[in-house]
1. Does at least one position in the stretch 281-295 carry a residue that is at pLDDT 90 or above and loosely packed, with under 13 Cβ neighbours inside 10 Å?
2. If you scan the stretch 253-270, which residues turn out to be in contact with a strand residue (DSSP E or B) (Cβ under 7 Å, 6 or more places away or on another chain) and in a helix (DSSP H, G or I)?
3. Among the residues of the stretch 30-53, is there at least one that is assigned to a strand (DSSP E or B), more than 30 Å from residue 206 (Cβ to Cβ) and modelled with pLDDT of 70 or more?
4. Failed condition for residue 260, given (1) modelled with pLDDT of 90 or more; (2) of a type in the set (Asp, Glu); (3) loosely packed, with under 15 Cβ neighbours inside 10 Å, with all others met?
5. Only residues that are assigned to a loop (DSSP other than H, G, I, E, B), touching a residue at least 40 places away in the same chain (Cβ under 8 Å) and of a type in the set (Ser, Thr, Tyr): list them for the stretch 219-252, please.
6. May I ask you to say which residue of 64, 57, 86 is closer than 30 Å to residue 201 by Cα and modelled with pLDDT of 55 or more?
7. Can you run down the residue pairs with Cβ atoms below 9 Å, 6 or more apart or on separate chains, where the first is in the stretch 136-149 and in a helix (DSSP H, G or I) and surrounded by fewer than 21 Cβ atoms within 10 Å (Cβ to Cβ) and the partner is at pLDDT below 90 and of a type outside the set (D, E, K, R)?
8. Scan the stretch 205-218 and give yes if some residue there is modelled with pLDDT of 90 or more and not hydrophobic (A, V, I, L, M, F, W, C), otherwise no.
Amino acid sequence: MSLADPILLAAGLVVAAILAWAAVAAARRRAAALAAAGVAASGPGPSRSRKGARLGGVWFTIAGIAVLAIAIAGPAASVPVSHASGTVILAMDVSGSMAATDVAPSRLAAAKKAALSFIDAQPDSVDIGVIAFQQGGLEAALPTADHAIAEAAVRRLTAGGGTSLGDAVLASLSAITRRTVTIGRDGSAPNIGYWPSATIVLFSDGQDEAGATADGNGTGADAAASVAEKAGVHIDTVGVGTTAGTTVDVDGYHLFTALDPATLTSISQATGGTYHPASDASELDGIASSINLRLTVTNQPLPLAGAFIALALALLVAGAVLTVARTGRVV
């Protein structure tokens, strides 16, 4: 337990000690006077009972003053409190396939609604950024505690282009670390430090059309996920679409597109995250509550003054009632 003002406690306890000394001295003088008068102070009978009641009331009152001194000193206990904290990057797939309507009104529109719901559910202690990814990954908004910026970035998103899940993950890691994160030409993974309080939430249909270079050493999803895993960053993936699929018009072509849950599951599992399937808009509405962010435990002060004041008042009232009921006097 800590005290906001120990000086007030010391002063209050001094007052209580003085009153206790005065009560003891008065009791001794009274006993001496009774002995001198030939009255047995310790004998049985009503006088002893009244004396005990009177002294009991005094000690209750002194105890109340001592407890009140603790209360005015501002006591507080340090208690561990868990709360969501850290950085979250919403990686939003805006490829042409996200214009598909197998999730009404479209995959991207449903994903945007779910992302906005997710942002709205987060406390101020969570910094949120947004990455809109096509080929190469396009950074839309750096993580910030001002969630209105993230919401505006999500609302601006439109579908078009190809998808590179690996580039999306690297762009998200770049936003978290505030420096460019790339994989070497030889496939070597960079050391970006350890970021255990960061989470990437990836909304996509899982189609990875540009996930690797021709020689297989580019920004493939598995290689990018490995970088995130080594950095302690969890990736939660949200599958937007249906496995039955549908056709979508992209640059004048009719293309078949379907949800690829295997790819999204592989990315999430590689980093200790979770895959969240969402085949319709109603399932996406519950995504915000199903994604578990990192919990940070911090010690926060719990004020105890109110409890000590209540105890002090109870002691003071008990002392007054006991004194008045037995002696007819307050002191």
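The values are calculated or read from the model by the stated rules, or taken from the named source; none is laboratory data. Note that the structure is predicted; figures quoted are calculated from it, not measured. Please note: Cβ atoms are built from the backbone with ideal geometry, for glycine as well, and neighbour counts cover all protein chains shown.
1. Step one: of the stretch 281-295, the residues at pLDDT 90 or above are none.
Scanning the stretch 281-295, I find no residue that is at pLDDT 90 or above and loosely packed, with under 13 Cβ neighbours inside 10 Å, so the answer is no.
2. Within the stretch 253-270, the first condition is being in contact with a strand residue (DSSP E or B) (Cβ under 7 Å, 6 or more places away or on another chain), and the residues that meet it are 254-257, 259, 261, 264-265, 267-268.
Matches in the stretch 253-270: 261, 264, 265, 267, 268.
3. Taking the stretch 30-53 as the starting set, the residues that turn out to be assigned to a strand (DSSP E or B) are none.
Checked the stretch 30-53: no residue is assigned to a strand (DSSP E or B), more than 30 Å from residue 206 (Cβ to Cβ) and modelled with pLDDT of 70 or more.
4. (3)
5. Our first condition is that a residue be assigned to a loop (DSSP other than H, G, I, E, B); within the stretch 219-252, this holds for 219-220, 231-233, 241-245, 251-252.
The next check asks that each one be touching a residue at least 40 places away in the same chain (Cβ under 8 Å); those that pass are 219-220, 231, 233, 241-242, 244-245, 251.
Matches in the stretch 219-252: 219, 242.
6. On the way: 64 fails: closer than 30 Å to residue 201 by Cα; 57 fails: closer than 30 Å to residue 201 by Cα.
Unique residue meeting the criteria: 86.
7. Correct list of pairs: 147/122; 147/126; 149/141.
8. In the first step, residues of the stretch 205-218 are kept if they are modelled with pLDDT of 90 or more; the result is 205-206.
Imposing the further condition that a residue be not hydrophobic (A, V, I, L, M, F, W, C) reduces the set to 205-206.
Looking for residues that are modelled with pLDDT of 90 or more and not hydrophobic (A, V, I, L, M, F, W, C), one finds at least one in the stretch 205-218, hence yes.
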